[in-house]
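Student: Mind having a look at this structure? Questions to follow.
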Amino acid sequence: MKNKEQEFLAHIETNKGIIHKICKMYMDTADDQQDLFQEIVYQLWKSYDSFQEQSRFSTWMYRVSLNTAIVFFKKERRQLHTSDAMPEHLAEEEHRTSEKELQLYHFYKAVQQLERLEKALVFYHLENYSHREIADNLGISEGNARVKLNRAKIKLKELIKLQGYEF
């Protein structure tokens with residue numbers, strides 16, 4: 001039987017994409033994303049004993065990760081750099097960047113500008129949660145989840161257009 005540490009590391013490895021998405025949603029530089037990633041893993045480990053398997057590990061991990069990201073963001077008092085211009089290093093290499101990477105860059109840049117609830121809705125949607133599951137996880141009605149998600153999608157499209165990019 002696996003010991004606690006091995007079990008935890010296996011869960012993290014299986015679900016690390018969740019952490020990466022949250023980091024990209026809240027932090028705009030690779031260094032800040034890495035710092036947040038480490039802080040999230042640390043907080044997950046500290047609270048691992050509280051995981052009672054009443055929900056999926058990924059659901060519990062998302063909640064802890066999101067709360068950690070919000071606290072980290074506030075604690076560091078970081079301001080998002082949301083200029084309309086693409087950073088020089090990206091602009092210089094744009095011709096070498098795949099279309100998918102460029103789309104992701106613009107998508108995450110736009111997501112960083114969303115409100116906290118909107119980010120959570122988008123994240124759950126990206127993880128293929130149903131409207132019912134989203135509603136249950138956020139403590140809102142299914143209809144409210146559907147409406148708020150649609151509004152968040154519209155807002156995302158507008159934010160991406162403001163960057164001068166369209167999918």
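Student: Could you list, in sequence order, the residues of segment 125-167 that are over 20 Å from the mean Cα position of the chain (by Cα) and among the acidic types (Asp, Glu)?
Tutor: If the condition is that a residue be over 20 Å from the mean Cα position of the chain (by Cα) and among the acidic types (Asp, Glu), then GLU142, GLU166 are the ones that fit.
Student: Follow-up question, since we're still on this one. Evaluate the following for LEU80: is it at pLDDT below 85, under 23 Å from LEU121 (Cα atoms) and of a type outside the set (S, T, N, Q)? Explain how you work it out, then say what you get.
Tutor: Numbers: at pLDDT below 85: yes; under 23 Å from LEU121 (Cα atoms): yes; of a type outside the set (S, T, N, Q): yes.
Taking the combined requirement at face value, the residue satisfies it.
Student: Run ASP28 past the list (1) open to solvent by less than 80 Å² (accessible area, probe 1.4 Å); (2) among the acidic types (Asp, Glu); (3) without any contact (Cβ under 8 Å) to a residue 24 or more places away in the chain; (4) under 29 Å from GLU118 (Cβ atoms) and report the number of the one that doesn't hold.
Tutor: The one condition ASP28 does not meet is (3).
Student: Consider segment 18-52. How many of its residues are touching a His at 6+ places or on another chain (Cβ under 8 Å) and among the acidic types (Asp, Glu)?
Tutor: Qualifying residue count, segment 18-52: 1.
Yes or no, residue by residue, for (1) at pLDDT 85 or above; (2) in a loop (DSSP other than H, G, I, E, B); (3) open to solvent by less than 100 Å² (accessible area, probe 1.4 Å); (4) of a type outside the set (Val, Ile, Thr):
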position: HIS11; (1), (2), (3), (4): yes, no, yes, yes
position: ASP35; (1), (2), (3), (4): yes, no, yes, yes
position: GLN54; (1), (2), (3), (4): no, yes, no, yes
position: ASN67; (1), (2), (3), (4): no, no, yes, yes
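Student: Now, a different point. State whether the residues of segment 90-111 include one that is charged (D, E, K, R), surrounded by 13 or more Cβ atoms within 10 Å (Cβ to Cβ) and at pLDDT 85 or above.
Tutor: So far as segment 90-111 goes, yes, one or more of its residues are charged (D, E, K, R), surrounded by 13 or more Cβ atoms within 10 Å (Cβ to Cβ) and at pLDDT 85 or above.
The values are calculated or read from the model by the stated rules, or taken from the named source; none is laboratory data. Note that this is a predicted model, so its numbers are computed, not measured. Here Cβ is always computed from backbone atoms with ideal geometry, including for glycine, and neighbour counts include all displayed protein chains. Just the protein is used for accessible areas: all its heavy atoms, side chains included, with ligands, DNA and RNA removed. Shrake-Rupley method; radii C 1.70, N 1.55, O 1.52, S 1.80 Å.
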